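Written out below as structure tokens is the structure these notes cover.
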Amino acid sequence: MMMMELRKIEERAGRLLSLEGKVAMVTGAASGIGRGISIRLAEMGAFVAVLDIEETKGRETATEIEAHGGEAVFLKCDVRSAADCRRAVETMIERSGKIDILCNCAGIAIRKDIVELTEDEWDLAFDVTLKGIYLLSREVVPHMVRNGGGSIINIGSGWSLKGGPRAASYCAAKGGVVNLTRAMAIDHGKHNIRVNCVCPGDVETPMLASECAQLGADRGEFMREAANRPLARVGTPDDIADAVLFLASRMSSWITGAALVVDGGGLA
């Protein structure tokens, strides 16, 4: 009897998490967290548009998805460009007729304080990390409205919610991501569009390696410090992808405007 009940629960969970028939768009999907999210959404049945400025690695993400039986297309897109964002969305609408899920993952980490930081670097951080969410969401939301709803997941950071050393533009932009998420959730709840934010801690990605290099830190020491949290490890792209899947799926149907911290207890 217990086995039968367990199977029923597993089947129901599978149905709630299934993305069969859904169309998803993920930015920053050529590597790291964005790549992990793209693969997970495809594994759960979504047709995934892989967006990135990096063409070779972006195509590799799409190819890997297809090699494992999923559906994906790579679209070269600079999220700082209104024209690129419009073109990417129009391409997906022409191809699939809808966009159900948008994950705004593109971001950049420049490890400098405000004295070291140039104006161009400040603008770059905000354009990629924050303006990109605005530009792409502006194109996607009207299609979600016409389709009866959707789910938007913005990728913030633990440093969306607290400060960090030598990361002025990153902390400011990621802080903006959380409050932009809340504002979008308020504006578009009436359209059945849920807008949430995932705030990762340190995740083993090329971006984290870049931060280590920018700071001139010893890699071993840097990674040990990054793992100094209650669960005693650095995160993986899969850890973040699973949280995004939850927020993209019917399992989170009454969650919007939330900032979900996924950091192994780093902010605890």
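Read-outs: derived from the displayed coordinates by stated rules, not from any lab. It should be emphasised that the depicted structure is a prediction, and the values quoted were computed from it without experimental measurement. Neighbour counts run over all protein chains shown; Cβ positions are idealised from the backbone, glycine included.
Pick from region 30-63 the residues that are acidic (Asp, Glu) and more than 18 Å from residue 242 (Cα to Cα): which of them is surrounded by the fewest Cβ atoms within 10 Å (Cβ to Cβ)?
Looking at residues that are acidic (Asp, Glu) and more than 18 Å from residue 242 (Cα to Cα), I get 55.
With 88, 29 as the choices, which residue is assigned to a loop (DSSP other than H, G, I, E, B), under 21 Å from residue 139 (Cα atoms), in contact with a Cys (Cβ under 9 Å, 6 or more places away or on another chain) and not charged (D, E, K, R)?
Unique residue meeting the criteria: 29.
Quick one: in region 109-163, of everything that is within 19 Å of the chain's Cα centre (by Cα) and of a type in the set (Asp, Glu), which residue is farthest from residue 83 (Cα to Cα)?
It comes out as 127.
Among the residues in region 149-162, are any hydroxyl-bearing (Ser, Thr, Tyr), part of a strand (DSSP E or B), touching a residue at least 12 places away in the same chain (Cβ under 8 Å) and closer than 21 Å to residue 241 by Cα?
The answer is yes, given that some residue of region 149-162 is hydroxyl-bearing (Ser, Thr, Tyr), part of a strand (DSSP E or B), touching a residue at least 12 places away in the same chain (Cβ under 8 Å) and closer than 21 Å to residue 241 by Cα.
Could you tell me how many of the residues in region 162-206 are surrounded by fewer than 17 Cβ atoms within 10 Å (Cβ to Cβ) and among the hydrophobic types (A, V, I, L, M, F, W, C)?
Residues flagged as surrounded by fewer than 17 Cβ atoms within 10 Å (Cβ to Cβ) and among the hydrophobic types (A, V, I, L, M, F, W, C) within region 162-206 amount to 2.
If you scan region 220-267, which residues turn out to be in a helix (DSSP H, G or I), over 20 Å from the mean Cα position of the chain (by Cα) and not aromatic (Phe, Trp, Tyr)?
Selection gives 220, 221, 223, 224, 225, 226.
Scan region 105-119 and tell me whether some residue there is in contact (Cβ under 8 Å) with a residue 60 or more places away in the chain, farther than 18 Å from residue 210 by Cα and part of a helix (DSSP H, G or I).
Looking through region 105-119, none of the residues is in contact (Cβ under 8 Å) with a residue 60 or more places away in the chain, farther than 18 Å from residue 210 by Cα and part of a helix (DSSP H, G or I).
Scan region 195-210 and report the pairs whose first residue is outside any strand (DSSP E or B) and whose second residue is of a type in the set (S, T, N, Q) and surrounded by fewer than 18 Cβ atoms within 10 Å (Cβ to Cβ), with Cβ atoms within less than 7 Å and a gap of 6+ or a chain change.
So the pair list comes out as 204/236.
Consider only pairs whose beta carbons are under 8 Å apart and that are at least six residues apart or on different chains; among these, list those whose first residue lies in region 24-40 and is without any contact (Cβ under 8 Å) to a residue 60 or more places away in the chain and whose second residue is basic (Lys, Arg).
What qualifies is 30/57.
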